[in-house]
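Heads up: the structure comes next, in structure tokens.
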Amino acid sequence: MYEGAVQDLIDELGRLPGIGPKSAQRIAFHLLATEPADVERFAGTLLRVKNEVKFCSVCGNVAQADVCRICSDPRRDPAVICVVEEPKDVVAIERTREFRGRYHVLGGAISPIDGVGPDDLRIRELLGRLRDGVVTELIIATDPNLEGEATATYLARMLAPMGLTVTRLASGLPVGGDLEYADEVTLGRAFSGRRRIE
């Protein structure tokens, strides 16, 4: 549609997740109108992230060093591991300030449709972390969708013989939500996960 470099930029931006053709075009024209120094700083940041950011050798979270800041923090409880799908899930849980254990990032979820099986995830690394007997509880915090549920079920069945306490994050109605807008699965989980009011 456009010529040369402009169309190449739109095409590259359109390959990013969540960026459709119109958004890619808007971003491309925004970059064209931006000062060259700002574009250079943006490009430099992209290169720096690609060159400097690693994945933690222990948990799989993003890190600046070989081991991330959470795994290297002696104040974190080594007996509890929270299993998540992606590094962005670690950030979401950390924002709550409720969890003081450590994490394990699987790198996705089991999805036969997308060709992702258990061997494509960091499950072997998780088993390696459980061998020394330090971990007593494993919290499975995968997404509450079909893939996340399949992954949680797979992990729970695989870990059952190890004698660990395996728990799953509760799911149900969001705070501030209306019952009439809740889907059947969410409402069903809210009923099965109900608790006594003290």
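Looking only at the stretch 149-158, decide whether some residue is aromatic (Phe, Trp, Tyr), crowded, with 16+ Cβ neighbours inside 10 Å and outside any loop (DSSP other than H, G, I, E, B).
Taking every residue of the stretch 149-158 in turn, at least one turns out to be aromatic (Phe, Trp, Tyr), crowded, with 16+ Cβ neighbours inside 10 Å and outside any loop (DSSP other than H, G, I, E, B).
Given Gly193, Gly133, which one is on the phi > 0 side of the Ramachandran plot and not aliphatic (A, V, I, L, M)?
None of the others qualify; the one that does is Gly133.
Consider the stretch 114-136. How many of its residues are surrounded by 12 or more Cβ atoms within 10 Å (Cβ to Cβ) and either outside the structural domain of Val83 (by TED's automatic domain parsing) or over 19 Å from Gly60 (Cβ atoms) (or both)?
1
Considering each residue of the stretch 142-198, count those that are of a type in the set (A, V, I, L, M) and within 24 Å of Val105 (Cβ to Cβ), and give that number.
13
Of all residues being loosely packed, with under 12 Cβ neighbours inside 10 Å and in a helix (DSSP H, G or I) in the stretch 1-20, which is nearest to the chain's Cα centre (by Cα)? Just the residue, please.
If we take residues in the stretch 1-20 being loosely packed, with under 12 Cβ neighbours inside 10 Å and in a helix (DSSP H, G or I), then Ala5 is nearest to the chain's Cα centre (by Cα).
Exactly one of (1) loosely packed, with under 15 Cβ neighbours inside 10 Å; (2) over 25 Å from Asp183 (Cα atoms) is unmet by Thr167. Its number?
Here Thr167 meets the rest and fails (2).
Starting from the stretch 95-113, keep only residues that are closer than 17 Å to Val58 by Cα, then list their pairs with residues that are of a type in the set (S, T, N, Q) and buried (at least 16 other Cβ atoms within 10 Å of the Cβ) whose Cβ atoms are within a distance under 8 Å, requiring at least 6 positions of separation or different chains.
Correct list of pairs: Tyr103/Asn61; Val105/Asn61; Leu106/Thr142; Leu106/Thr151.
Give Arg76, Arg102 a once-over and let me know the one that is surrounded by fewer than 18 Cβ atoms within 10 Å (Cβ to Cβ), touching a strand residue (DSSP E or B) at 6+ places or on another chain (Cβ under 7 Å) and either within 23 Å of Arg124 (Cβ to Cβ) or modelled with pLDDT of 95 or more (or both).
None of the others qualify; the one that does is Arg76.
Has the stretch 141-148 got at least one residue that is at pLDDT below 95, closer than 29 Å to Arg189 by Cβ, touching a strand residue (DSSP E or B) at 6+ places or on another chain (Cβ under 8 Å) and of a type outside the set (A, V, I, L, M, F, W, C)?
Within the stretch 141-148, one or more residues are at pLDDT below 95, closer than 29 Å to Arg189 by Cβ, touching a strand residue (DSSP E or B) at 6+ places or on another chain (Cβ under 8 Å) and of a type outside the set (A, V, I, L, M, F, W, C).
The values are calculated or read from the model by the stated rules, or taken from the named source; none is laboratory data. All values reported here derive from a predicted model rather than from experimental measurement. Cβ: placed from backbone, ideal geometry, glycine included. Neighbour counts: every protein chain shown.
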